Each structure stands twice: as structure tokens, then as C-alpha cells.
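Structure, as C-alpha cells:
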Amino acid sequence: MVDQLFQDMALTITLTDQEKELLRSVLIPKSVRKRQYLLQAGDVCQHAIFVAKGCLRSYTIDENKVKHIFQFAIEGWAISDMYSFLTGEPAKYYVDAIEDSELYLMDRAGKEELLDQIPGMEKVFRLTMEKSYIANQRRINAMLNNSIKERYLSFANTYPQIVQRVPQHMIAAYLGVSAGTLSRMRKQLASGG
């Protein structure tokens, strides 16, 4: 499983065998079942989570008990409450498994060790954070400026593998609409509307 992580990093930096061993030593393998929590709001996020197999989500729950999904993560993606992970403050997000999943966890000490010992690792983390920032900015812009139909089509075109794996009510929660609204809009699309 860790070989996929090495392949992904090879697109940015070349790791020596010694650096690969160091990376292996700071990654904590973890298997989780569908619906199992990895983080609950109010707890301090102790780990960055890398998905080797499966699908996770991060979300908040408002005062009306409505879930608002912030992110999905499938194979090759990372997920956590980064604000909490970086600052040590309580998390605002829940993270749980949508599918049975195989993960790698990395704590702050492991992250710092990698940054200290592997010169190119700063570039890997920087590029990961930049991609995340860009994706979040696009999402905020879409939520503010695009119709439900435009948001759904953009999501479906950008992440077709997620649309196939995630229940529609979760996609609705990600898009900021009710499941019924998304269902009606999808029926209109299917009928050519």
C-alpha cells in the first residue's frame, strides 16, 4: 500500500531507499470499517490521514443536526482537520469512513521528522497544501456563484469516481442542497432538462 504513496511522491521528488524507510517508519497503517470515526469535532486532530484504499469524508453538523460535507477522500488523497492538526486546537470537523478503508496516519512529530530529514518533503507538503487551497477556493466560488445544476455537473465531471461510490444524499450534503432537490435536478438532467 505504501508503494502507491511513493509513486505519488515520485512525481515531485526522488526518494532514496533510506528516505523511503524513514517515511515508512512514520506512517501508521490503520484499517477502518464503514462508518468508523477517525476524528470527532471537539477533539484535537492528531493525524493527517492518507487513503490507500477506500473512501472517507469530513463534515460538520449544524445546530439543526444537518451534516455539511466538506471533503471526500479516495485512494491517493489525504484528509483531516488541517487547522486542528497544525494548531493543536479542537477540531471543527468529523472524519469517518464511507467504505471499509486502508489508511496511513502520520502525526505531527512524524511530519516534522520528514521535513527535517528529507529536503524535498517541504515541496511535497507545499504542493499538497496548494492543491487543497485551490480546490477549496473553487468550491467556495461555485457555492457562491453557480446554480445547483452547474455545481453538480462540475462535481460529476471533476470527480466521476466519487459520484459512482458515494450515496446521493452525501453528494447533496457536499453541494449544499437537500437530497430531494438533488434528486429532482438529476431527474431533469436525465430527461434532457
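Values quoted throughout were computed directly from the atomic coordinates according to the rules given, and no laboratory measurement underlies them. The structure displayed is predicted, hence computed values, not measured ones. Note that each Cβ is placed from the backbone with ideal geometry, even for glycine, and that neighbours are counted across all protein chains shown.
Take the Cα of Lys67, go 7 Å toward its beta carbon, and the backbone nitrogen atoms of the range 77-100 under 20 Å from that spot belong to 77-82, 91-100.
For the range 13-71, GluC sites (Glu not before Pro) are listed when DSSP marks them as loop and at most 16 other Cβ atoms sit within 10 Å of their Cβ; the list is Glu63.
Using the rule -39500 (n - 2.57) for each DSSP H run of four or more residues, divided by the residues of the chain, the 222 nm mean residue ellipticity is -15000 deg cm²/dmol.
You can think of it this way: the chain between Glu75 and Val44 has 8.7 nm of extra reach, that is 0.36 nm per residue less the Cα-Cα gap. The calculated FRET efficiency for the pair Leu115 and Asp3, based on their C-beta separation and a Förster distance of 25 Å, comes to about 0.70.
Once each part is reduced to its C-alpha centroid, what is the distance from the range 157-193 to the range 35-81 in angstrom? Taking the Cα centre of each part, the range 157-193 and the range 35-81 sit 20 Å apart. Panel values: the range 79-193, Kirkwood radius from alpha carbon pairs, Stokes-Einstein at 25 °C and 0.890 mPa s, translational diffusion coefficient 145 µm²/s. Each Cα pair under 8 Å and six or more residues apart adds its separation to the average, and for the range 52-193 the resulting relative contact order is 22 percent.
May I ask for the net charge around Cys55, where only other residues with Cβ less than 10 Å from the Cβ of Cys55 are counted and Lys, Arg are +1 while Asp, Glu are -1? Could you put the intermediate results ahead of the total?
On the way: positive: Lys34, Lys53, Arg57, Arg165; negative: Glu75, Glu99, Asp100.
Neighbourhood net charge equals +1.
When the alpha-carbon atoms of the range 2-118 are used, the pair Rg, Dmax equals 14.8, 51 angstrom. Of all stretches in the chain that contain no trypsin sites (Lys or Arg not before Pro) in a DSSP loop with at most 11 other Cβ atoms within 10 Å, the longest one is 66-193.
If I take every Cα pair under 8 Å that is 6 or more residues apart in the range 2-118, average their sequence separation and divide by the length, what percent do I get for the relative contact order? List each step's numbers first, then the result.
Numbers: 234 pairs, mean separation 43.1, N = 117.
Relative contact order here is 37 percent.
Listed by Cβ neighbour count within 10 Å, with the fewest neighbours leading, His169, His47 appear as His169, His47.
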